[in-house]
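In what follows, a single structure is set out as structure tokens and then discussed.
The values are calculated or read from the model by the stated rules, or taken from the named source; none is laboratory data. Model, not experiment: these values are computed from the prediction. Cβ atoms come from the backbone with ideal geometry, glycine included; neighbour counts cover every protein chain shown. Heavy atoms of the whole protein, side chains included, go into the accessibility calculation; ligands, DNA and RNA do not. Shrake-Rupley method; radii C 1.70, N 1.55, O 1.52, S 1.80 Å.
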Amino acid sequence: MKIQTSSKAIKADVFLLTLFEKENLSSEHKKALGSESSKEIADRIKAKDFTGAKGQSLKLYPKKGGFKSVVVIGRGNKKKQMPSAVEKLGGTLSAHTKGKKSALIFTSKDEFEALAQGFMLGAYEFKDYKKEDKKAVKLTNLTFLTEKKANLTKLLAFNQGQKTTRDLVNTPAGDLNTQDLVNRAKEIGKKYKMKVTVFDEKKLEKMGCGGLIGVGKGAEVGPRMVIMEYKHKSKAKQASIAFVGKGIVFDTGGLNLKPTGYMETMKQDMAGAATVLGAIEAIAAAKMPGHFVAVLCCAENAVSDRATRPGDVLKMYNGKTVEVTNTDAEGRLVLADGLAYTEAKLKPKMMINIATLTGAVSVALGYHITGVMGNKQKLIDQILKLSKEANERSWQLPLSPDFISACKGDFTDLKNSVNGVRAGSTMGGAFLSNFVDKVDWAHFDIGGTAWADKPNSTTKYGATGAALRTFIKLAEKHSA
Ligand code: BES
Ligand code: MN
Ligand code: ZN
């Protein structure tokens with residue numbers, strides 16, 4: 001698909017523009033539409049045929065001019081817009097380009113980024129497992145009609161990143177084991193000349209990564225840790241951010257097996273790793289100056305006679321011992337090693353981890369808000385602000401000392417799951433905090449947001465790419 005911006009209207013199969021309730025066509029709208037279409041739309045507004053109500057659309061098929069069709073889309077009441085309304089509108093616009101070869105979209109400069117990102121998110125399709133429809137018409141030319149030139153490199157970089165993340169999450173575990181995930185990371189690393197280091201189970205064992213080994217040992221293909229280092233126009237020895245992702249290619253729950261209804265979508269459990277990979281790809285594709293690291297903590301939580309049992313004790317990279325009270329609380333075990341290793345050896349200025357860590361986060365915040373915790377309020381405040389600017393939603397959950405003490409083991413240093421405290425998402429974060437020493441650290445729990453059963457204009461069914469835009473914004477803030 002060719003994407004461009006233009007300050008003048010050009011020919012297209014469909015011209016898309018949007019209006020709030022009670023909003024009339026502007027002079028710019030009219031200039032692009034031509035007098036006939038402008039008059040028809042104005043008449044239809046006058047006749048209350050089109051009111052600008054949210055989701056409403058008005059279609060014209062002008063006989064003259066450069067457009068085969070024109071669609072006006074209603075945005076609803078201007079004062080009652082959701083924070084991510086512009087992005088969602090972009091998704092709606094993409095749906096209106098289905099079956100068209102070319103589209104022209106009217107947008108203001110201010111709304112361009114959110115609208116275009118939303119368009120890309122909405123246009124995403126996962127077709128790897130569908131018989132190819134050779135006759136399907138594809139959108140090949142997309143033009144944004146906007147006053148000034150916009151940053152298309154950034155948009156295309158984001159698009160590539162979101163595609164990588166969502167494709168990986170949507171790919172079934174039968175076709176994506178830990179080594180496949182490693183191979184994908186290597187491919188991307190090679191393309192952008194990053195340094196990629198892979199630790200396999202033998203090496204992880206030697207390093208003392210008991211968490212990764214313990215979770216991964218029931219599976220045919222063992223655990224892996226991948227480190228990707230991106231450096232561009234930066235002399236900094238320390239990475240400004242290390243992104244660490246949970247990469248459980250499938251979570252059966254282990255011997256504490258998940259019941260029917262809870263296991264079906266657990267191919268999504270590597271969404272954290274897929275997001276850090278998508279983020280570093282987007283950063284590299286945008287040629288962002290800076291020094292960033294992505295760490296993928298990969299394992300399959302399988303059922304086997306070799307699998308870790310409830311009651312088994314693991315010794316983690318930082319020397320702490322953990323009683324596995326529940327084999328289904330496996331994400332925190334692989335991340336514990338990833339975080340401790342990253343801080344000790346890679347010494348980043350800031351460490352951000354992301355994981356489909358708990359189901360409990362969706363009890364607290366639902367399916368559209370990511371839970372964020374951490375050890376420095378200043379960093380969390382910055383993350384919450386940037387997440388808003390990125391058209392995403394996140395909310396802080398508490399991480400007070402009482403929750404951290406509650407992770408203590410009876411005869412080990414820690415246990416991975418504790419009965420009777422509830423606050424499942426916070427307890428996940430509290431466990432992780434035992435593997436972070438001094439570095440500024442935040443934890444994103446995307447257990448409710450990484451996957452959509454109920455699609456909307458930008459998320460579709462399946463992987464959503466949640467938190468990716470926030471990560472890119474964060475990287476921009478801390479770029480060299
Ligand atoms: N991967 C799951 C969490 C999850 C559930 C993510 C649903 C996305 C959708 C995680 O490994 C898990 O099983 N967590 C347990 C923790 C519990 C055993 C302490 C949970 O949330 O129930
Ligand atoms: Mn689990
Ligand atoms: Zn899991």
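Values as computed for the structure displayed
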| read-out | value |
| --- | --- |
| Qualifying residue in the stretch 244-259 (condition: free of Cβ contacts under 8 Å to residues at least 40 places away in the same chain, part of a loop (DSSP other than H, G, I, E, B) and within 16 Å of ligand 1 (Cβ to nearest atom)) | yes |
| Only one of 409, 429, 424 that is touching a His at 6+ places or on another chain (Cβ under 8 Å) and touching a residue at least 24 places away in the same chain (Cβ under 8 Å) | 429 |
| Test: residue in the stretch 413-430 that is under 28 Å from residue 162 (Cβ atoms), out of contact with any helix residue (DSSP H, G or I) (no Cβ under 7 Å at 6 or more places or on another chain), open to solvent by less than 60 Å² (accessible area, probe 1.4 Å) and part of a loop (DSSP other than H, G, I, E, B) | no |
| Any hit, the stretch 346-358, residues being open to solvent by 30 Å² or more (accessible area, probe 1.4 Å), assigned to a helix (DSSP H, G or I), away from ligand 1 (no atom under 11 Å from the Cβ) and closer than 19 Å to residue 209 by Cβ | yes |
| Search result, residues across the stretch 140-179 that are outside any helix (DSSP H, G or I) and open to solvent by 30 Å² or more (accessible area, probe 1.4 Å) | 140, 141, 147, 148, 149, 151, 172, 177 |
| Residue count for the stretch 323-345, restricted to those that are open to solvent by less than 40 Å² (accessible area, probe 1.4 Å) and closer than 30 Å to residue 383 by Cα | 15 |
| Tabulated pairs, the stretch 356-378, first more than 19 Å from residue 301 (Cβ to Cβ), second open to solvent by less than 50 Å² (accessible area, probe 1.4 Å) and among the charged types (D, E, K, R), C-beta under 6 angstrom, 6+ apart or interchain | 371/445 |
| Test for residue 294: is it within 22 Å of residue 370 (Cα to Cα), open to solvent by less than 20 Å² (accessible area, probe 1.4 Å) and at pLDDT 95 or above | yes |
| Boolean, residue 231 is in contact with a His (Cβ under 8 Å, 6 or more places away or on another chain), open to solvent by 10 Å² or more (accessible area, probe 1.4 Å) and either within 11 Å of ligand 3 (Cβ to nearest atom) or not β-branched (Val, Ile, Thr) (or both) | yes |
| Close pairs from the stretch 298-320: first under 14 Å from residue 341 (Cα atoms), partner surrounded by fewer than 19 Cβ atoms within 10 Å (Cβ to Cβ) and not hydrophobic (A, V, I, L, M, F, W, C), Cβ under 7 Å, at least 6 apart | 315/208; 315/321; 317/208; 320/413 |
| Counted residues, the stretch 72-108 - those being in a helix (DSSP H, G or I) and among the basic types (Lys, Arg) | 4 |
| Single condition residue 307 does not satisfy, out of (1) within 15 Å of ligand 2 (Cβ to nearest atom); (2) on the phi < 0 side of the Ramachandran plot; (3) buried (at least 24 other Cβ atoms within 10 Å of the Cβ) | (3) |
| Hey, residue 122 within 20 Å of residue 59 (Cβ to Cβ) and in a helix (DSSP H, G or I) or not | yes |
| Residue list for the stretch 1-37, restricted to those being polar (S, T, N, Q) and more than 28 Å from residue 137 (Cβ to Cβ) | 24, 26, 27, 35 |
| Some residue of the stretch 315-325 being within 14 Å of ligand 3 (Cβ to nearest atom) and within 19 Å of residue 207 (Cα to Cα) | no |
| Test: residue in the stretch 100-120 that is among the aromatic types (Phe, Trp, Tyr), open to solvent by 50 Å² or more (accessible area, probe 1.4 Å) and assigned by TED's automatic domain parsing to the domain that holds residue 19 | no |
| Residues of the stretch 317-331 that turn out to be among the small types (Gly, Ala, Ser) and either at positive phi or more than 13 Å from ligand 1 (Cβ to nearest atom) (or both), as a count | 1 |
